[in-house]
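Peer 1: One structure coming up, written as structure tokens, with questions to follow.
Here, each number is a calculation from the coordinates, and none is a lab measurement. Nothing here was measured: the structure is a model prediction, and the numbers come from that model. All Cβ positions, even for glycine, are placed from backbone atoms using ideal geometry, and neighbour counts span all protein chains on display.
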Amino acid sequence: EAGVTQSPTHLIKTRGQQATLRCSPISGHTSVYWYQQALGLGLQFLLWYDEGEERNRGNFPPRFSGRQFPNYSSELNVNALELEDSALYLCASSLAGPNTEAFFGQGTRLTVV
Amino acid sequence: DAKTTQPPSMDCAEGRAANLPCNHSTISGNEYVYWYRQIHSQGPQYIIHGLKNNETNEMASLIITEDRKSSTLILPHATLRDTAVYYCIVNRYAGGTSYGKLTFGQGTILTVHP
């Protein structure tokens, strides 16, 4: 069974540009989560989508946005990129409801120059 | 969210059991205890989770104290490939701002030595 897949694996953008990161959840999973991990720092919760709706949002500015498609895949968009947005962006998926585990992809390494 | 406290680092000899402690003294009745690990620059890997009973799977065992204020992750026979950052997380599913997200702390860096 395929795990969570993310694309691209690496992305280089210049300051001020927009970045789009994609995530395909495990088949049957309806919840998708996005996390940011800056170099040497912990994982910071960004967004949670379930059944196409945004359910929870971390403490990030509005230029971080996303969506979930009818097939439960998800996209994270970062507008007006800043140097400090350089990080590993991780996507996870899970079944809905309590007592479920989330599985992570290998991430997209975004570098802003 | 209930906060967790873990030692910043631990060492273990290869082949021995690794016992990683976690304190979560403010845990509430509807919060699960989850353990993940992250090997350098990879996505976190799910290990195990539980509510109040001890749990075991092919990777590890989770021992939760009766008052649920602390837990221990046990890797029964540590190998060099178990060297990673281990995160203990408590997660609430009953609504509120923590609903549905995993809040990662700094974790414990486990180093397994030959």
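Peer 1: In segment A:1-50, which trypsin sites (Lys or Arg not before Pro) fall in coil by DSSP and have 16 or fewer other Cβ atoms within 10 Å? Spell out each step's value before the answer.
Peer 2: On the way: sites: A:Lys13, A:Arg15, A:Arg22; in loops: A:Arg15.
Listed in order of number, the matching sites are A:Arg15.
Peer 1: Here's something else I'd like to know. Under the definition of Cα pairs under 8 Å and six or more residues apart, what whole-number percent is the relative contact order of chain B?
Peer 2: On the way: 283 pairs, mean separation 40.8, N = 114.
With pairs under 8 Å counted, the relative contact order is 36 percent.
Peer 1: How high is the FRET efficiency from B:Arg16 to B:Leu51, r the C-beta distance, R0 35 Å, rounded to 0.05? Please report the intermediate quantities before stating the final value.
Peer 2: Details: r = 29 Å, r/R0 = 0.82.
After rounding to 0.05, the efficiency reads 0.75.
Peer 1: Under the √(5λ) rule applied to the eigenvalues of the Cα gyration tensor, what semi-axes describe the equivalent ellipsoid of chain B? Give them in Å, descending. It would help to have the intermediate numbers written out before the result.
Peer 2: Working: eigenvalues 114, 44, 27 Å².
Ellipsoid semi-axes (Å, largest first): 24, 15, 12.
Peer 1: Given Cα pairs under 8 Å that are at least 6 residues apart, what percent is the relative contact order of chain A? Display every interim value, and only then the final one.
Peer 2: On the way: 293 pairs, mean separation 41.4, N = 113.
Over chain A, the number comes to 37 percent.
Peer 1: Related question: Any idea how far apart A:Gln44 and A:Thr111 come out in nm if each label point goes 7 Å out from Cα toward Cβ?
Peer 2: Between A:Gln44 and A:Thr111, the label points sit 2.1 nm apart.
Peer 1: Could you pull out every one of the lysines with an alpha carbon less than 17 Å from that of B:Lys69, ignoring same-chain neighbours closer than 8 positions?
Peer 2: Of all the lysines, those that pass the test against B:Lys69 - Cα under 17 Å, at least 8 places apart if same chain - are B:Lys3, B:Lys52.
Peer 1: For the protein assembly as shown, list the cysteines whose Cβ sits under 4.7 Å from no other cysteine Cβ?
Peer 2: When partners are defined as cysteine Cβ atoms under 4.7 Å apart, the protein assembly as shown leaves B:Cys12 without one.
Peer 1: What are the semi-axes of the equivalent ellipsoid for the protein assembly as shown, taken as the square roots of 5 times the Cα gyration tensor eigenvalues, largest first, in whole Å?
Peer 2: Values: eigenvalues 177, 84, 49 Å².
Equivalent ellipsoid of the protein assembly as shown: 30, 20, 16 Å, largest first.
Peer 1: Something else: Looking at chain A, what % of the alpha carbon pairs are farther apart than 24 Å?
Peer 2: Details: 1155 of 6328 pairs.
For chain A, the share of Cα pairs beyond 24 Å comes to 18 percent.
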